[in-house]
Amino acid sequence: MPDSPVNASFSSSPTSTSAMPANGTACRLALGYLVFAVRKPLRWERFCHDMLGLPEAVANPDGSRGYRMDGAMQRLIVAEGPEDDLAAMGLICEDDTVLDALAARLRQIQIPVEEGSEALRASRRVQRLLVTRDPDGNAVELAVGMEAAPAPFTSTAFRGGFHTGRLGIGHAVLVSHRLEAMEAFYTGALGFGVSERLATRVGPMHIKGIFLHCNERHHSVAIFDMPLQKRLQHFMLQAEDLCDVGMAFERAKLGKVPISLNLGQHPHPDGTISFYGMTPSGFDFEIGAGCHEIEPQGWQPLHTTVTSSWGHKPSLRLQMKMAANMLANAIKGPSKTKS
Ligand code: FE2
């Protein structure tokens, strides 16, 4: 491991402290990496290169491949697996003290947390690693010290690069039918704060959701109760330059990447201008820019009934998919099985 891990770039300012867990210990976290188990790794390789504009992947000891989007050695980790879904979410702690406090908190409230094996640490390229699971069984990895890449990040597709650093790589939106239990885990155990609560209607479908922050990013994790079969509804990467978002949208259309939501903007206080498309595993990706930051200290949760102030028009393919899932749920009940 290098001497200068990537989480050293986190702000140390006390004013940047995010939500406090119930034990009163400051909890400074960021979404550090995402791990996907995919059925078609070669299609993902083309997707990461051609659509996301990421450089050639690094090979990990466990066979997974890690893709860079900044100074870290890897941010998106793609492993071969039958799930075609999220395999793990990596939360990077500011330092060992934060990690130790989180581990103590989890054990205090009797949520199992295990040391990551040496092999797992090597493949995640982190110095320390603990593994726990949220109430839906999603693997949540708490880590310190991401390995830094030997050279600066460059991408011809994202000339401005991605906005990461102490805010993390963007966000992950999980699908759950147990919002209360999931909120209790992410807020009570991990110290996230609730940015907004969503209750909206898309056609005949009601959607409830929560947006959760662990730093100044409006949400690093969101949880939606909606009729989808995946653990992950979408992940978002934030470009520095809005022009790169427009170019990515053009690239998606030219490359026949299925678009889910056309260009649009999330309302205040998020403000992100983005579009959504489908990954080779069937869940979506979002590429955006112009995300507004929030002040976590003293933040009061907002309530919203809209997800976009303009645009984000759903494609016919997405409308058909949602209708089919809703119909399947109505006939058989939710078929997504989670531990
Ligand atoms: Fe999003």
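The values are calculated or read from the model by the stated rules, or taken from the named source; none is laboratory data. What you are looking at is a predicted structure, and each value in this text was computed from that prediction instead of being measured. All Cβ positions, even for glycine, are placed from backbone atoms using ideal geometry, and neighbour counts span all protein chains on display. All accessible areas refer to the heavy atoms of the entire protein, side chains included, with ligands and DNA or RNA removed. Shrake-Rupley method; radii C 1.70, N 1.55, O 1.52, S 1.80 Å.
For the range 98-110, which positions are part of a loop (DSSP other than H, G, I, E, B) and in contact with a Gly (Cβ under 9 Å, 6 or more places away or on another chain)? Don't jump to the end; show me each part of the working.
Within the range 98-110, the subset part of a loop (DSSP other than H, G, I, E, B) is 109-110.
Passing the criteria: only Ile109.
Tell me, which residue of the range 3-36 that is part of a helix (DSSP H, G or I) and at pLDDT below 50 is least open to solvent (accessible area, probe 1.4 Å)? Talk me through it step by step, then tell me what you get.
Filtering the range 3-36 for residues part of a helix (DSSP H, G or I) gives 6-9, 14-16.
Still in the list and also at pLDDT below 50: 8-9, 14-16.
On the way: Ala8: 79, Ser9: 74, Pro14: 101, Thr15: 94, Ser16: 14 Å².
Looking at the filtered set, the residue picked out is Ser16.
Out of everything in the range 111-160 that is β-branched (Val, Ile, Thr) and assigned to a strand (DSSP E or B), what residue ends up being farthest from Ala189 (Cα to Cα)?
Of all residues in the range 111-160, those β-branched (Val, Ile, Thr) come to 111, 113, 126, 131-132, 140, 144, 154, 156.
Narrowing further to those that are assigned to a strand (DSSP E or B): 113, 126, 131-132, 140, 144.
Working: Val113: 11, Val126: 22, Val131: 13, Thr132: 11, Val140: 12, Val144: 18 Å.
Restricting to residues being β-branched (Val, Ile, Thr) and assigned to a strand (DSSP E or B), the top hit is Val126.
Just give me the residues in the range 296-316 being open to solvent by 40 Å² or more (accessible area, probe 1.4 Å), in a loop (DSSP other than H, G, I, E, B) and at positive phi, in sequence order.
Filtering the range 296-316 for residues open to solvent by 40 Å² or more (accessible area, probe 1.4 Å) gives 297-303, 305-307, 309-311, 313-314, 316.
Checking the rest, the ones that are also in a loop (DSSP other than H, G, I, E, B) come to 297-301, 305-307, 309, 313.
Within the range 296-316, Gly298 is the sole residue that qualifies.
Does any residue in the range 161-189 that is at negative phi come within less than 6 Å, Cβ to Cβ, of a residue that is part of a helix (DSSP H, G or I) and hydrophobic (A, V, I, L, M, F, W, C) six or more places away or on a different chain, and which pairs are these?
Listed by first residue and then by second, the contacts come to Ser176/Met182; Ala189/Leu106.
Of all residues in the range 56-66, how many are open to solvent by 10 Å² or more (accessible area, probe 1.4 Å), in contact with a Lys or Arg (Cβ under 8 Å, 6 or more places away or on another chain), in a strand (DSSP E or B) and not β-branched (Val, Ile, Thr)?
Residues flagged as open to solvent by 10 Å² or more (accessible area, probe 1.4 Å), in contact with a Lys or Arg (Cβ under 8 Å, 6 or more places away or on another chain), in a strand (DSSP E or B) and not β-branched (Val, Ile, Thr) within the range 56-66 amount to 1.
Quick one: in the range 37-55, of everything that is in contact with a Gly (Cβ under 8 Å, 6 or more places away or on another chain) and in contact (Cβ under 8 Å) with a residue 60 or more places away in the chain, which residue is most open to solvent (accessible area, probe 1.4 Å)? Quick ask: steps written out before the conclusion?
Step one: filter the range 37-55 for residues in contact with a Gly (Cβ under 8 Å, 6 or more places away or on another chain), giving 37-39, 50-51.
With in contact (Cβ under 8 Å) with a residue 60 or more places away in the chain added as a condition, the list becomes 38-39, 50-51.
Working: Val38: 0, Arg39: 152, Asp50: 89, Met51: 5 Å².
Here the residue is Arg39.
Looking at the range 198-220, can you tell me whether even one residue there is over 20 Å from Asp50 (Cα atoms), in contact with a Phe, Trp or Tyr (Cβ under 7 Å, 6 or more places away or on another chain) and more than 16 Å from the ligand (Cβ to nearest atom)?
Within the range 198-220, not a single residue is over 20 Å from Asp50 (Cα atoms), in contact with a Phe, Trp or Tyr (Cβ under 7 Å, 6 or more places away or on another chain) and more than 16 Å from the ligand (Cβ to nearest atom).
For the range 56-77, name all the residues that are free of Cβ contacts under 8 Å to residues at least 60 places away in the same chain and among the charged types (D, E, K, R).
Within the range 56-77, Glu56, Arg65 meet the criteria.
What is the residue count in the range 171-213 for residues that are in a helix (DSSP H, G or I), under 16 Å from the mean Cα position of the chain (by Cα) and among the aromatic types (Phe, Trp, Tyr)?
The total comes to 1.
Table: residues versus (1) in contact (Cβ under 8 Å) with a residue 24 or more places away in the chain; (2) more than 20 Å from the chain's Cα centre (by Cα).
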site	(1), (2)
Thr272	yes, no
Glu286	yes, no
Lys313	yes, yes
Met320	no, yes
